[in-house]
Amino acid sequence: MTYCLGIITRSGLVLASDSRTNAGVDYISTYQKLFDFSLPGDRVLLLCSSGNLSMTQAVTTWLEKEIKNKEDLNLHQLPTLYEVARYIGSKIRQIQEEDRKWLERDSIDFQCSILLGGQIKGEQPGLYLIYNQGNCIQASQDTTFLQIGETKYGKPILDRTLTFDTSLEAAAKCALLSIDSTMKSNISVGPPIDLVMYEKDSFMLRHQLRLRLGDPYLAKIRKLWEVSVKQAFNRMPDIEWEYYQEEAQEDIFID
């Protein structure tokens, strides 16, 4: 399993991913899931992948090859981010159709999904979720984040914290805490964690890092977050059992 997320704010984008893959409890590996296809000065294109590893690797390898060979149609030639998202979706469909017969014969799950975040000159920054079927949806001011993979454990903090006006630095911290919460609850998600923060209209990446197992900052925010959650929990008022018991008795009497 994996966990990747993208956040869009008024100031730019944050994308983050773990790096763990597993094929059963006795086979766990580390693979990169966040990829940079940017053309500095013209466009920033960031991809996060989840799902069948052979599918996602085939897609990213194909995209890299087209750029390297300067083919007429590649990620650096498409004029809008939406067209980039649709183009990546077409690659997913094409590769799946080529391999479908053999994967289905052995009952192998070949589904995958990709997050695309970035900005092309002349446009505002954008964030897309490209589904296994090749179609896509876009994040908005009302829906400021998109997730793929093991999403449920890291979603509550995103729901309670993020708005379109959240600062990029705060969004980056939120992304790390979301991934850390997922790692705490699901062993199929794990470090290294890749994190990228893109500033709107800069058309280059100035902030990117990889946090490995045992990284001091990762350990620090995990400890502080756990302490803060416990303190918040302890400040919650106790349940007023007598009040609700009296209400229940009144309801019984009225009935």
(Q) Can you say whether Gln124 is among the polar types (S, T, N, Q), within 23 Å of Ser38 (Cβ to Cβ) and out of contact with any Pro (no Cβ under 7 Å at 6 or more places or on another chain), as far as the supplied structure shows? (A) yes
Q. What is the number of the single condition among (1) of a type outside the set (Gly, Ala, Ser); (2) over 18 Å from Leu13 (Cβ atoms); (3) in contact with a strand residue (DSSP E or B) (Cβ under 8 Å, 6 or more places away or on another chain) that Leu209 does not meet?
A. (2)
Q: Return yes or no: is Tyr217 in a strand (DSSP E or B) and farther than 22 Å from Leu53 by Cα?
A: no
Q. Do we have Met197 as in the same structural domain as Asp36 (by TED's automatic domain parsing), surrounded by 16 or more Cβ atoms within 10 Å (Cβ to Cβ) and at pLDDT 95 or above here?
A. yes
Q: Take the stretch 140-156 and flag every residue that is surrounded by 20 or more Cβ atoms within 10 Å (Cβ to Cβ) and either without any contact (Cβ under 8 Å) to a residue 60 or more places away in the chain or within 19 Å of Leu116 (Cβ to Cβ) (or both).
A: Thr144, Phe145, Leu146, Gln147, Ile148, Gly149
(Q) Considering only the stretch 183-190, I want to know if a residue exists there that is modelled with pLDDT of 95 or more, in a helix (DSSP H, G or I), in contact with a helix residue (DSSP H, G or I) (Cβ under 8 Å, 6 or more places away or on another chain) and over 15 Å from Cys48 (Cα atoms). (A) no
Q | Odd one out for Gly118 among (1) crowded, with 20+ Cβ neighbours inside 10 Å; (2) more than 17 Å from the chain's Cα centre (by Cα); (3) at positive phi | A | (2)
Q) Which ones in the stretch 40-66 are part of a helix (DSSP H, G or I), β-branched (Val, Ile, Thr) and crowded, with 16+ Cβ neighbours inside 10 Å? A) Thr56, Val59, Thr60
Q: Check Gly6, Gly89, Gly12 and return the single one that is in contact with a helix residue (DSSP H, G or I) (Cβ under 6 Å, 6 or more places away or on another chain), among the small types (Gly, Ala, Ser) and surrounded by 16 or more Cβ atoms within 10 Å (Cβ to Cβ).
A: Gly12
Q.
On the basis of being assigned to a strand (DSSP E or B) and surrounded by fewer than 20 Cβ atoms within 10 Å (Cβ to Cβ), does Ser29 make the cut?
A. yes
Q. How many of the residues making up the stretch 121-139 are surrounded by 18 or more Cβ atoms within 10 Å (Cβ to Cβ) and more than 22 Å from Gln77 (Cβ to Cβ)?
A. 3
Q.
Contact list please: Cβ distance under 7 Å, first residue in the stretch 112-139 and within 15 Å of Ser17 (Cβ to Cβ) and assigned by TED's automatic domain parsing to the domain that holds Lys200, second residue surrounded by fewer than 18 Cβ atoms within 10 Å (Cβ to Cβ) and among the polar types (S, T, N, Q), pairs at least six apart or on different chains.
A. Leu127/Gln138
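The values are calculated or read from the model by the stated rules, or taken from the named source; none is laboratory data. Everything numeric here is computed off the predicted structure, so don't read it as measured data. In this analysis, Cβ positions are derived from the backbone assuming ideal geometry, glycine residues included, and neighbour counts consider all displayed protein chains.
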